[in-house]
Structure formats: C-alpha cells, structure tokens
2 protein chains.
Amino acid sequence: MDDVGRQILALLTEDGRRSYDDIARRVSLSAPAVKRRIDRMRADGAIRGFSAIVDPEAFGWRTEALVELFYAPGTQLHEVAASLSRHPEIVEAWSVTGDADAIARVRTVDNADLERFIADLQLDGQVIRTRSQVIMSDLLRAAKA
Amino acid sequence: MDDVGRQILALLTEDGRRSYDDIARRVSLSAPAVKRRIDRMRADGAIRGFSAIVDPEAFGWRTEALVELFYAPGTQLHEVAASLSRHPEIVEAWSVTGDADAIARVRTVDNADLERFIADLQLDGQVIRTRSQVIMSDLLRAAKA
DNA sequence: ATTGAAATTGCGCGTTG
DNA sequence: CAACGCGCAATTTCAAT
C-alpha cells in the first residue's frame, strides 16, 4: 500500500461514488490505472465494500445506545457472536478490555423498544447483565462509519 | 418514506455502487424512477452520502478503542465538539446518558499511540478524565458490501 | 429515446527486481 | 527475463435530459 493508494482510499471514503476519472485527475493517474488499483484493493481486502450512509430515522429508528454486555461465566466468544447476530437491532458489537465483556451499538424505535431489546437479549442465556448508555446527540462524525 | 424507498436504501447500504438499472429491476421500477427517488432521498437527508468501507489496517491503524470522556464542570457541548474535531484519531463521538459525558470511538497505530492520544486530549482542557475500553475483536458488523 | 459520460477491456510500453 | 503497473484507444454500459 503506497501513498497514492492511501490517497485513493481517502477520496473514496469521502465520496464512494466518485468517478475513476475524477480520482485519476486528483492523484495524477489515468482512469484505468485507478480502476485497476481499486479492483486490487478490493481483492486484497483493503476496501471492504461501498455503502450508502443512511439516516437511521428513515427506518424509524429514533433511539441509539451503547450497551455493555456481561457474559455468564464460561461463555465462548463464538456463542455470543451467534446469539448477537440474531438481533437485528445491533449495528456493531465489539469484544473489549475492561469491566464489560463486550459493547454493542444498537438502534431501536424508542426507549421502550430498547428496554424490550435488552430483555430479549438476556433470554439467550449468554448475557447475564447489561449497562446502557443512550446516545443523546452526535458530537462528531467522520463519515467513515 | 414508503416500503420501496426502504428497499432501495437497503440495497444501497449493501452496495453503494449499484447501478440504477440493477436497483430498478429488483424493486420493479424503471431506472429513471429509481434515480428520481434517490435524488429525493439525498435532498431529504435520508441518504447522507456514499462511502467506501476501508480496512483500518490499510492506514496503519491497528488499535481501536472506545474512550469514555468526563468533562470539566460547566463545559459547553459545542466547545467539546470543536475540540474533538481537531483529533483525527476520533472516528465518531456521541454525547451519552449515564456515568460518562461522552464516548469517542478512536483509531490509533498501537497502544502507545492510544496513550499519547489520551494525553493530548486532556491538554485541550474540556476533558478532565477518560476511561478506555480497547477493542479486542469485532463480534458483529452489520453494514458491508 | 437520444446524447454524452463513465466504466471496462485489450494491447504494447517502460520500469523494476 | 519475468512480473508489474502504466497509458492509450476501442467498446460497452450507464447516466442525464
């Protein structure tokens, strides 16, 4: 990964629909050269894909929260991953160091729905306790999420 | 926002570079009709933009963490937002309910760099204490292509 | 439906290891 | 020499009107 590659990644992060020609002019290459680099970066996994950044409200999700998860003793990571994947409310989830075992970022229609989700979560058996931090506002968004 | 609109959003989330023609076939509309809808959703803010999903390692970021922020008494939200925006390590930051005032999701090259970032953060004056949870692995990721 | 822009592919060239 | 990445140009697909 050289500097031109990183420049292309930055441009595509800013606008994933930029044309090859536009990128080519900005990095001083030809359009086909840019296309081939992007193809290569996709194959290498440097680019995971392209996505529209959608306002959650368009889907009726008005509540967002970070939910810390505490597992039952002896719980395996892949069990949790499997169980979490059955909850469409979860946008992302990470295994973390510190007090909690994991943190999930979730979207629900409202606070009552968040409460319902947390109750559901504990029915699976792996998660025995949670602690939630409801998002009041976005302070910063780098557009790469 | 009707059901076809949400279907289009889902398709564009899955692959932000899908052609109008491809989308049109999947939702049983004509390509121009799809374009008009997408233009409208962009204008409405339902679609915030398009972005490449990049592997952080391509930029040399090998450490990711969630950092809880505790403000100095009397700190204004816009001051924090301004100060946070000067730190490129921050991917996203939210104002939250609960113990901490805010949570930032950050990317650094390694743990030492994370330590350096946290020290830098406190130099700004608004943040007087932090508590970090380092991400060990991704358990779940919803958006991709 | 038409017209113009963008993406895609074949090919030969120069550089590099 | 072999592998790689580039630009050019021709073709096809796509976007905009």
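Here are the numbers:
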{"quantity": "Unique match (being hydroxyl-bearing (S, T, Y), in contact with a Gly (Cβ under 8 Å, 6 or more places away or on another chain) and either part of a helix (DSSP H, G or I) or at the interface with chain B (Cβ under 10 Å from one of its Cβ atoms) (or both)) among A:S95, A:S132, A:S137", "calculated": "A:S132"}
{"quantity": "Looking only at region B:19-35, and only at residues there that are more than 8 Å from DNA strand D (Cβ to nearest atom) and within 14 Å of chain A (Cβ to nearest Cβ), the one that is nearest to B:I53 (Cα to Cα)", "calculated": "B:I23"}
{"quantity": "Residue within region A:99-115 that is under 21 Å from B:V106 (Cβ atoms), in contact (Cβ under 8 Å) with a residue 40 or more places away in the chain and among the charged types (D, E, K, R) present", "calculated": "yes"}
{"quantity": "Neighbours by Cβ (under 8 Å, 6+ apart or cross-chain): first from region B:11-25, more than 17 Å from A:R42 (Cβ to Cβ); second open to solvent by 70 Å² or more (accessible area, probe 1.4 Å)", "calculated": "B:L11/B:R26; B:Y20/B:P32; B:Y20/B:K35"}
{"quantity": "Any chance A:R86 is more than 9 Å from chain B (Cβ to nearest Cβ), in a helix (DSSP H, G or I) and surrounded by fewer than 19 Cβ atoms within 10 Å (Cβ to Cβ)", "calculated": "no"}
{"quantity": "Residues within region A:26-72 that are more than 16 Å from DNA strand C (Cβ to nearest atom) and more than 18 Å from the chain's Cα centre (by Cα), tallied", "calculated": "5"}
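The values are calculated or read from the model by the stated rules, or taken from the named source; none is laboratory data. For clarity, every value in this text was computed on a predicted model and none was experimentally measured. When we count neighbours, we look across all protein chains shown, and the Cβ atoms used for this are built from the backbone with ideal geometry, even at glycine. Accessible surface is based on the protein model in full, side chains and every heavy atom, while ligands, DNA and RNA are left aside. Shrake-Rupley method; radii C 1.70, N 1.55, O 1.52, S 1.80 Å.
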